[in-house]
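Student: This structure is in structure tokens; I'll ask about it shortly.
The values are calculated or read from the model by the stated rules, or taken from the named source; none is laboratory data. The structure displayed is predicted, hence computed values, not measured ones. No Cβ is skipped: glycine too gets one built from the backbone with ideal geometry, and neighbour counts run over all protein chains shown. Each accessible area value is taken on the protein alone, full model and side chains, heavy atoms only, with ligands, DNA and RNA left out. Shrake-Rupley method; radii C 1.70, N 1.55, O 1.52, S 1.80 Å.
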Amino acid sequence: MKNNFRFAQVLIATFMLTFCLMFSNNASAQINVGGLPMSSMTELNEVFSLVTMPEIDTQSLIDEDVENEKLPGVPFRYGYNFDVNYNLTNSGTWETLSDGSRVWRLAVRSSDAVSINLAFKDFFMPKGATFFVYNLGKNMVYGAFTELNNSEDGYFATTPTYGSTTVLEYYEPVYSKNQGKITLHKVTHAYKDIFGYNSVLEEPCNININCPIGSPWVEQKRANTRITFSSGGGSFLCSGSLMNSTLGDRQPYYLYAEHCATDNYSTMVFYFNYENPTCIGTLGSLAQTMTGSTFKAGNFDTDFQLVLLNQPVPAEYNAYFNGWDRSNAQPLNQTAIHHPGGAVKKISVDIQPANTVTGFGGRLTNGFWLVVWDEGMTEGGSSGCPIYDQNHRVIGQNLGGTPANCNNPQSVQKYFGKFSESWAHGGSPTNQLKDWLDPNNTGALTVDGIDDITGIAPITNFTSNTQVLPITGGTVDFFDMSTNGPTSWSWSFPGATPSTSSDRNPGGISYTATGNYTVSLTTTNAFGSNLKTVVAYIKVEGVPLNTFNLQSPPNLARVIVNSNDPTSSVFTWGVSNPSPTVKYSFKIKKVGTIPEDILISDNGGLATEINIRKSFLDSLASRYGTNGDSVLCAWRVTAFNGADSITTNSFILHLREI
């Protein structure tokens, strides 16, 4: 259905949505040249074309997914695909600017969609042209896409934008008039929240990659990505990773699962560094993605798929290419890095040696590793993720297994297609790995991983086994999570014992007093240093703070003040906690303004009252500015226990000068 769309009427977003998008989209996603759409730089018509997708039966789709989750080897579906045909000629609205250049816009709406992503064919950007995709409010803006995004087959796809309406905007300079081509051929209505803004689609026992258990894997995690792709009428989520070859030439070969195969490799989207920087967060950055790949090899028998990304990985992604082991030696332990339910990057560990088993569904006899997770879990969305041995080399990729169960993880069995069997089982370049990862037939049994970019300073990051200590204090173990091979570490723990350390992973750092404590780490290698500081990273809890109320002067009271009056007005309030560790601060301001004057209560902040000279209150009235001879003020009180605070509601106070 086509209609007209008034943009100004829908530039409304809730505070929470805006906050989340600010967190996860501080830069435009996908390979692009940045910048702003023309509609953000010049005044355009508020009305332009809108197309609306048909309604879908979301509950039926969810019911289908529930049944499919019981089946092993089925990828995680998140969206329903509409096949469409909208282009620069049959759809959208053109506007001609004063210099003769033109702008084309089209809004796409799918009612109740959590997000929308788009796929294009016959996509061509001439010189000087730019293309953007954005959501309402423009707090998710992807682009500018330019001639750098042209491909031989003419396909292109974009990262999802949050919300039920997406806007396409194309700018064409005069000298490229009528040369651009854009055909939107697929609209994906996401009926699941793959951003994690309002819901979490993963099991609760999953562990963020930046928890302490992930500390040894700070290099390998950079090879792992989330992927989205279409197949038939649905869009799906899986995981996978970049792979090194015996050439070490950093060709972007990417290994994942055959059961995650797409019907259009050119529109696959790869999400690099989609992780939360902390151990507990659920949001990640969408600022680093790539679109498009070329099939190289795949085999149902061991459930592997190998593609080559259509472009080199940008240097700013700081990627890593996984090493591998094709010897078929039984590993001592196994680790997986993955995106369950499309969530930010997770880690799972099996501390027992994996066993050789036969894959389900008629797959290769003895062609799989069987693991049972001791830490973490894998589930829908984890499909295709690599499994590493104790030497941090890939030995397989995830097929799936019994349904995830955090209540009884030892009952869950997961299967990983053996890298050793995928190596040469197929017999031809299109169904085995060896032709691509050992093109010169060196016969190497193992290859180590390598950085994509070398000769750069570390990127500092750290985590700890806890960030909150009880009121009695305690000790904290810190873990370096820095990348790019730091060789020295300089920690600073002001207020703790010891207050500094040069260990990579210092433990037993003692905090004894209630408060919030800053932590800093400087890492160094031969190419430079990098500092990360987190204010209030560690908290030692204080005594409980209870709600308390203001007492006098009562709300709407009037106080007469004079510059020559030495007497005092007494402001009183209740007790939050009788502990001597709780101190109070008095706050007052003019109604309708933001800045507050802050005074410590009597007895060094311990008293639940404050005596303020009327001459001082008169000076405040003069500074605030009176209306006639009076000014309307608001006062309140904050209790602070050394770590946390609680504040009363405000009372209104009339200060009248005489």
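Student: Is the stretch 147-157 home to any residue that is closer than 20 Å to Thr93 by Cβ and buried (at least 22 other Cβ atoms within 10 Å of the Cβ)? So that I can check it myself, show each step before the final result.
Tutor: Taking the stretch 147-157 first, the residues closer than 20 Å to Thr93 by Cβ are none.
No: zero hits.
Student: Assess whether Ala107 counts as being at pLDDT below 95, open to solvent by less than 10 Å² (accessible area, probe 1.4 Å) and in a strand (DSSP E or B).
Tutor: Details: at pLDDT below 95: no; open to solvent by less than 10 Å² (accessible area, probe 1.4 Å): yes; in a strand (DSSP E or B): yes.
Judged against the criteria, Ala107 is not a match.
Student: Go through the stretch 565-584 and report how many residues are of a type in the set (Val, Ile, Thr) and either under 40 Å from the mean Cα position of the chain (by Cα) or at pLDDT below 95 (or both). It would help to see each step written out before you state the result.
Tutor: Of the residues in the stretch 565-584, the ones of a type in the set (Val, Ile, Thr) are 567, 570, 572, 575, 581-582.
From the residues that got through so far, the ones that are either under 40 Å from the mean Cα position of the chain (by Cα) or at pLDDT below 95 (or both) too are 581-582.
Result for the stretch 565-584: 2.
Student: On to the next question. Among the residues that make up the stretch 223-236, is at least one of them in a helix (DSSP H, G or I), open to solvent by less than 20 Å² (accessible area, probe 1.4 Å) and either under 20 Å from Gly396 (Cα atoms) or among the hydroxyl-bearing types (Ser, Thr, Tyr) (or both)? Don't jump to the end; show me each part of the working.
Tutor: Quick first cut of the stretch 223-236, residues in a helix (DSSP H, G or I) only: 223.
Keeping just the survivors that are open to solvent by less than 20 Å² (accessible area, probe 1.4 Å) gives 223.
Checking the rest, the ones that are also either under 20 Å from Gly396 (Cα atoms) or among the hydroxyl-bearing types (Ser, Thr, Tyr) (or both) come to 223.
Scanning the stretch 223-236 turns up at least one residue that is in a helix (DSSP H, G or I), open to solvent by less than 20 Å² (accessible area, probe 1.4 Å) and either under 20 Å from Gly396 (Cα atoms) or among the hydroxyl-bearing types (Ser, Thr, Tyr) (or both).
Student: Tell me whether the stretch 61-75 contains one or more residues that are surrounded by fewer than 20 Cβ atoms within 10 Å (Cβ to Cβ), of a type outside the set (Phe, Trp, Tyr), touching a residue at least 24 places away in the same chain (Cβ under 8 Å) and in a strand (DSSP E or B).
Tutor: No: the stretch 61-75 contains no residue that is surrounded by fewer than 20 Cβ atoms within 10 Å (Cβ to Cβ), of a type outside the set (Phe, Trp, Tyr), touching a residue at least 24 places away in the same chain (Cβ under 8 Å) and in a strand (DSSP E or B).
Student: With the requirement that a residue be free of Cβ contacts under 8 Å to residues at least 40 places away in the same chain and farther than 23 Å from Ile652 by Cβ, what does the stretch 576-597 give you?
Tutor: Pro578, Pro580
Student: For the stretch 592-629, how many residues meet the condition of being out of contact with any Gly (no Cβ under 8 Å at 6 or more places or on another chain) and either aromatic (Phe, Trp, Tyr) or within 30 Å of Pro578 (Cα to Cα) (or both)? Please lay out each step first, then the result.
Tutor: Going through the stretch 592-629, the residues out of contact with any Gly (no Cβ under 8 Å at 6 or more places or on another chain) turn out to be 592-607, 609-629.
Now drop any that are not either aromatic (Phe, Trp, Tyr) or within 30 Å of Pro578 (Cα to Cα) (or both), which leaves 595-607, 609-614, 616-617, 624.
Going through the stretch 592-629 one residue at a time, the tally reaches 22.
Student: Turning to a different aspect of this structure: Within the stretch 585-658, considering only strands (runs of 3 or more DSSP E) that don't extend past its boundaries, which have at least 2 residues that are under 45 Å from the mean Cα position of the chain (by Cα) and among the hydrophobic types (A, V, I, L, M, F, W, C)?
Tutor: Numbers: elements: 597-600, 609-613, 630-640, 645-647, 651-657.
The qualifying strands (runs of 3 or more DSSP E) are 597-600, 630-640, 651-657.
Student: Determine which member of the set Phe123, Phe48, Phe82 is surrounded by fewer than 21 Cβ atoms within 10 Å (Cβ to Cβ), more than 25 Å from the chain's Cα centre (by Cα), assigned to a strand (DSSP E or B) and touching a residue at least 40 places away in the same chain (Cβ under 8 Å). Quick ask: steps written out before the conclusion?
Tutor: Details: Phe123 fails: surrounded by fewer than 21 Cβ atoms within 10 Å (Cβ to Cβ); Phe48 fails: surrounded by fewer than 21 Cβ atoms within 10 Å (Cβ to Cβ).
Answer to the selection: Phe82.
Student: Among the residues of the stretch 613-658, write down those that are open to solvent by 50 Å² or more (accessible area, probe 1.4 Å) and either among the hydrophobic types (A, V, I, L, M, F, W, C) or touching a Pro at 6+ places or on another chain (Cβ under 6 Å) (or both).
Tutor: Within the stretch 613-658, Phe616, Leu632, Phe640, Ile658 qualify.
Student: Is there a residue in the stretch 262-271 that is surrounded by 19 or more Cβ atoms within 10 Å (Cβ to Cβ), touching a helix residue (DSSP H, G or I) at 6+ places or on another chain (Cβ under 8 Å) and touching a residue at least 24 places away in the same chain (Cβ under 8 Å)?
Tutor: First, the residues of the stretch 262-271 that are surrounded by 19 or more Cβ atoms within 10 Å (Cβ to Cβ): 262, 265-271.
If we keep only those that are touching a helix residue (DSSP H, G or I) at 6+ places or on another chain (Cβ under 8 Å) as well, we get none.
No, every residue in the stretch 262-271 fails to be surrounded by 19 or more Cβ atoms within 10 Å (Cβ to Cβ), touching a helix residue (DSSP H, G or I) at 6+ places or on another chain (Cβ under 8 Å) and touching a residue at least 24 places away in the same chain (Cβ under 8 Å).
Student: Report, by residue number, each residue of the stretch 271-299 that is in contact with a Gly (Cβ under 6 Å, 6 or more places away or on another chain) and more than 14 Å from Val344 (Cα to Cα).
Tutor: Matches in the stretch 271-299: Asn299 only.
Student: Based on what the data block shows, is Val313 open to solvent by 10 Å² or more (accessible area, probe 1.4 Å) and of a type outside the set (Lys, Arg)? Spell out the reasoning first.
Tutor: Values: open to solvent by 10 Å² or more (accessible area, probe 1.4 Å): yes; of a type outside the set (Lys, Arg): yes.
Yes.
Student: Would you confirm whether any residue within the stretch 573-580 is of a type in the set (A, V, I, L, M, F, W, C), open to solvent by 70 Å² or more (accessible area, probe 1.4 Å) and either touching a strand residue (DSSP E or B) at 6+ places or on another chain (Cβ under 7 Å) or within 30 Å of Pro277 (Cβ to Cβ) (or both)?
Tutor: no
Student: Moving on. Which members of the stretch 326-356 meet the condition of being surrounded by fewer than 18 Cβ atoms within 10 Å (Cβ to Cβ) and of a type in the set (A, V, I, L, M, F, W, C)?
Tutor: The initial filter retains those residues of the stretch 326-356 that are surrounded by fewer than 18 Cβ atoms within 10 Å (Cβ to Cβ), namely 327-330, 332-333, 351-353, 355-356.
The answer is Ala329, Leu332, Ile351.
Student: Whether any residue in the stretch 138-152 is part of a helix (DSSP H, G or I) and within 25 Å of the chain's Cα centre (by Cα) is what I want to check.
Tutor: yes
Student: Which residues, taken from the stretch 520-563, are touching a Gly at 6+ places or on another chain (Cβ under 7 Å) and either basic (Lys, Arg) or open to solvent by less than 80 Å² (accessible area, probe 1.4 Å) (or both)?
Tutor: Within the stretch 520-563, the first condition is being touching a Gly at 6+ places or on another chain (Cβ under 7 Å), and the residues that meet it are 525, 527, 540, 542, 548-549, 551.
Within the stretch 520-563, Asn525, Val540, Gly542, Phe548 meet the criteria.
Student: Something else about it: Kindly establish whether Tyr162 is of a type outside the set (S, T, N, Q) and closer than 16 Å to Gly284 by Cα.
Tutor: Details: of a type outside the set (S, T, N, Q): yes; closer than 16 Å to Gly284 by Cα: yes.
Answer is yes for this residue.
Student: Is it the case that some residue within the stretch 551-567 is under 12 Å from Leu617 (Cα atoms), charged (D, E, K, R) and in contact with a helix residue (DSSP H, G or I) (Cβ under 7 Å, 6 or more places away or on another chain)?
Tutor: Yes, the stretch 551-567 contains at least one residue that is under 12 Å from Leu617 (Cα atoms), charged (D, E, K, R) and in contact with a helix residue (DSSP H, G or I) (Cβ under 7 Å, 6 or more places away or on another chain).
Student: Is there any pair with a first residue in the stretch 189-206 that is open to solvent by 40 Å² or more (accessible area, probe 1.4 Å) and modelled with pLDDT under 90 and a second that is of a type in the set (Gly, Ala, Ser) and not in a loop (DSSP other than H, G, I, E, B) whose Cβ atoms are under 7 Å apart and which are 6 or more apart or on different chains, and what are they?
Tutor: Taking only residues 6 or more apart or on different chains, the pairs are Leu201/Gly341; Leu201/Gly342.
Student: Additional query: Filter the stretch 405-424 down to the residues that are modelled with pLDDT of 95 or more and in contact with a helix residue (DSSP H, G or I) (Cβ under 7 Å, 6 or more places away or on another chain) and list them by number.
Tutor: Trp423, Ala424
Student: Of the residues Gln410, Gln397, which is under 30 Å from Glu64 (Cα atoms) and surrounded by fewer than 21 Cβ atoms within 10 Å (Cβ to Cβ)?
Tutor: Gln410
Student: Using beta carbons and a limit of 9 Å, which pairs, at least six apart or on different chains, have the first residue in the stretch 551-564 and without any contact (Cβ under 8 Å) to a residue 24 or more places away in the chain and the second one of a type in the set (Gly, Ala, Ser) and in a loop (DSSP other than H, G, I, E, B)?
Tutor: Every condition considered, the pairs that remain are Gln551/Gly574.
Student: Can you pull out the residues in the stretch 373-394 that are farther than 19 Å from Asp303 by Cα, open to solvent by less than 30 Å² (accessible area, probe 1.4 Å) and under 24 Å from the mean Cα position of the chain (by Cα)?
Tutor: Within the stretch 373-394, Gly376, Met377 qualify.
Student: Oh, and also: I'd like to verify a number: residues in the stretch 538-584 that are more than 29 Å from Pro494 (Cα to Cα), β-branched (Val, Ile, Thr) and assigned to a loop (DSSP other than H, G, I, E, B), how many?
Tutor: 3
Student: What do you reckon, is Trp104 more than 26 Å from Leu286 (Cβ to Cβ), among the hydrophobic types (A, V, I, L, M, F, W, C) and out of contact with any Pro (no Cβ under 7 Å at 6 or more places or on another chain)? Even if it seems obvious, please write down each step before you answer.
Tutor: Details: more than 26 Å from Leu286 (Cβ to Cβ): no; among the hydrophobic types (A, V, I, L, M, F, W, C): yes; out of contact with any Pro (no Cβ under 7 Å at 6 or more places or on another chain): yes.
For Trp104, the condition - more than 26 Å from Leu286 (Cβ to Cβ), among the hydrophobic types (A, V, I, L, M, F, W, C) and out of contact with any Pro (no Cβ under 7 Å at 6 or more places or on another chain) - is not met.
Student: Among (1) more than 26 Å from Ile456 (Cα to Cα); (2) among the small types (Gly, Ala, Ser); (3) out of contact with any Gly (no Cβ under 6 Å at 6 or more places or on another chain), where does Gly515 come up short?
Tutor: Gly515 satisfies every listed condition except (3).
Student: Separate question: Looking at Gly341, Gly292, Gly298, which one is modelled with pLDDT of 95 or more and either within 26 Å of Lys186 (Cα to Cα) or acidic (Asp, Glu) (or both)? Before the answer, list the steps.
Tutor: Numbers: Gly341 fails: modelled with pLDDT of 95 or more; Gly292 fails: modelled with pLDDT of 95 or more.
Within the list Gly341, Gly292, Gly298, the selection yields Gly298.
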